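The values are calculated or read from the model by the stated rules, or taken from the named source; none is laboratory data. Model, not experiment: these values are computed from the prediction. Don't worry about glycine lacking a Cβ; one is built from the backbone with ideal geometry, like all the others, and counts go over all protein chains shown. Side chains included, ligands, DNA and RNA excluded: accessible areas come from the protein's heavy atoms. Shrake-Rupley method; radii C 1.70, N 1.55, O 1.52, S 1.80 Å.
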Amino acid sequence: MQPLRRIYKIIAVIIAFVIPRTSIHAQDSLKTKIDEATFTITGDVGVSLLVLETKEMLSYHGDHPFPMQSIYKFPLAMAVLQQVDAGKISLTQKIHITKADYFITRSPLMEKYPQANIDLTVNELIEYTITQSDNVTCDLLFRLIGGPKKVDLFVQSLGIRNIAIINTEKEMHAVWKAQYNNWSTPPAMAQLFQIFYEKEILSKQSKALLLNHLINTKLGFARIRASLPDGTILAHRPGTGGENEQGVTSAVNDAGIITLPNGKHLVIVVYILDTKSRIDEAEEVIANITKVVYEHYSK
C-alpha cells in the first residue's frame, strides 16, 4: 500500500501545485504587461478584470480606493431603474427643469436649452446622463431618487462594500476634495458590472435599456474603445476629473464589458488617480492596457 500512497501524494502535488502555478504564471505575465503600459504617465493606476463565463479574474492595485467621477452614473441609473421596476418612478414621468438646476459644468442639456424651463421624461434624463455624461441631468436623477445616500444604500444592498457614493456633481464641482468621497476599488466596480449583467436586479426591459445606453456612450473613444477591433461590442461608462492649480488631474477612468471574439464577456475597469500627465496620455495608457488584456483573453 505504501507505493500506492506515494502515487496519490504525487497526484495531489500535481493538482495542488502545478496547475495553479500555470495559472499564476499567466496572471503574472499579464500583470507585467499591464505594469509596463503604465510607465509613460505619473499617478496611480488600478485595474480589475473578470471573465463572466469562466470567473477568471485579475486585480492590479485592486485594494486602492479611486475616485469614480462619472462612472458613478452607472450605479445611479441602476438605482433609478430599480425604482422604475418597483412602480415608484415612471420612465414617462416628466421632470420640470429651471435655470436654478443649472451650474457651471459640462452639460449638453444646458447647451441645447440655455434658458431651461423645459420638461424631460425620466427616460430622457437617464439617456443624457449615461450616453452624454450630463452632470445636470445626473443631479436631477439624484434628486428624484432621494439623493446620493439612496444610491449608496442600493449598492450596499447588492453585497458590495468597497463603493461609496456621497456627493452630487454640483457638490463635487464646488469643493475639490469632494470628488474623492465618491470612490470605489477596481474589483468592486467589476463586481457591480457583473451583478448588473448576470443577476436579475433589474427587469429585462430596464437592463436592456441601460445596456443599450452604455453601448451607445458618446465619450471615451480614446480609452478602452481605442484598442478594440471594429465592430467589438463595448458597454462602458468613462469618468474624468478636473485639473487643479498644481496641474493634477484627479481621475481618468473607464469601466465596462467587452464582448470577446469567442462570445465570452470581459469586465474591465481601469482607474488612473492624480496624474500630472496630459489627459490624452492617460487615455493612451488605458488603451494600451486594454490592448494587452484583449489579446490575452482572446487567445
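Applying the set (1) free of Cβ contacts under 8 Å to residues at least 24 places away in the same chain; (2) in contact with a helix residue (DSSP H, G or I) (Cβ under 9 Å, 6 or more places away or on another chain); (3) hydrophobic (A, V, I, L, M, F, W, C) to Ile160 leaves exactly one unmet item: (1).
In the set (1) under 27 Å from Leu81 (Cα atoms); (2) in a helix (DSSP H, G or I), Ala226 fails one condition alone, (1).
Of everything in the stretch 164-202 that is surrounded by fewer than 22 Cβ atoms within 10 Å (Cβ to Cβ) and charged (D, E, K, R), the residue that is nearest to His236 (Cα to Cα) is Glu198. Can you say whether Thr217 is β-branched (Val, Ile, Thr) and open to solvent by less than 20 Å² (accessible area, probe 1.4 Å), as far as the supplied structure shows? Judged against the criteria, Thr217 is a match.
For first residues located in the stretch 53-75 and among the basic types (Lys, Arg), partners that are open to solvent by less than 20 Å² (accessible area, probe 1.4 Å) and lie 6+ apart or on another chain with Cβ distances below 7 Å form the pairs Lys73/Thr129; Lys73/Ile130; Lys73/Ser133; Lys73/Cys138; Lys73/Arg237. Annotation note: of Tyr294, Tyr271, the sole residue that is over 18 Å from Tyr72 (Cα atoms), surrounded by 17 or more Cβ atoms within 10 Å (Cβ to Cβ) and either modelled with pLDDT of 95 or more or touching an Asp or Glu at 6+ places or on another chain (Cβ under 9 Å) (or both) is Tyr294.
Among residues that are within 19 Å of Ile289 (Cβ to Cβ) and either open to solvent by 40 Å² or more (accessible area, probe 1.4 Å) or in contact with a His (Cβ under 9 Å, 6 or more places away or on another chain) (or both), Thr232 is not included.
Condition first: of a type outside the set (Gly, Ala, Ser), under 11 Å from Ala226 (Cα atoms) and out of contact with any strand residue (DSSP E or B) (no Cβ under 7 Å at 6 or more places or on another chain). Now tell me which residues in the stretch 274-299 satisfy that.
Across the stretch 274-299, the qualifying residues are Glu284, Asn288, Lys291.
Can you run down the residue pairs with Cβ atoms below 7 Å, 6 or more apart or on separate chains, where the first is in the stretch 208-224 and touching a residue at least 24 places away in the same chain (Cβ under 8 Å) and the partner is open to solvent by less than 60 Å² (accessible area, probe 1.4 Å) and of a type in the set (S, T, N, Q)? Hits for this filter: His213/Thr131; Asn216/Thr131; Thr217/Thr131; Lys218/Thr131; Lys218/Gln132; Leu219/Ser133; Ile224/Thr290.
Ala208 meets all of the listed conditions (1) of a type in the set (Gly, Ala, Ser); (2) part of a helix (DSSP H, G or I); (3) touching a strand residue (DSSP E or B) at 6+ places or on another chain (Cβ under 6 Å) but one, namely (3). Residues in the stretch 275-291 that are open to solvent by 30 Å² or more (accessible area, probe 1.4 Å), under 16 Å from Val248 (Cβ atoms) and either in contact (Cβ under 8 Å) with a residue 60 or more places away in the chain or touching a helix residue (DSSP H, G or I) at 6+ places or on another chain (Cβ under 9 Å) (or both): Lys276, Glu281.
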